[in-house]
């Protein structure tokens, strides 16, 4: 899992970020620590008007890369 999206109201998205971005995003309006996952540097976007589509795509792709990098080698081989 690298991204969680709520399709019900209120709509939100949660993803993993780099440690330096985590602190920065928490000070930005519309972002909060992701419940139950903040200790692992996950953020929750509460307000989609506070983030551009391009920036959201960047964070989701980065989240995929960060999560994939932590997978055991055995699991990575199964994905290929």
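Bear in mind these aren't lab numbers, they're just calculated from the coordinates by the rules spelled out. For clarity, every value in this text was computed on a predicted model and none was experimentally measured. Heads up, the Cβs are rebuilt from the backbone with ideal geometry, glycines too, and the neighbour counts pull from every protein chain shown.
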Site residue 79, offset 7 angstrom along Cα→Cβ, radius 17 Å on amide nitrogen, limited to region 2-41, gives 2-4, 15-18
Ranked by GNM mean-square fluctuation in the chain (Cα springs under 10 Å), the top entry among 16, 53, 61 is 53
Burial-style ranking of 65-77, 18-30, 40-52, average other-beta-carbon count within 10 Å with highest first, yields 40-52, 18-30, 65-77
The chain: relative contact order from alpha carbon pairs under 8 Å, six or more residues apart, as a whole percent, is 32 percent
Between the Cα axis of helix 53-69 and the main Cα principal axis of the chain, the angle (0 to 90°, nearest 10) is 30 degrees
Helix-only [θ] at 222 nm, the chain, -39500 (n - 2.57) per DSSP H run of 4+, per residue, nearest 500, equals -12000 deg cm²/dmol
Plugging the Cβ-Cβ distance of residue 54 and residue 1 into 1/(1 + (r/R0)^6) at R0 = 25 Å yields, to the nearest 0.05, a FRET efficiency of 0.60
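Can you give me the orientation-averaged projected area of the convex hull built on the Cα atoms of the chain, in nm²?
Reported value for the Cα convex hull: 6.0 nm².
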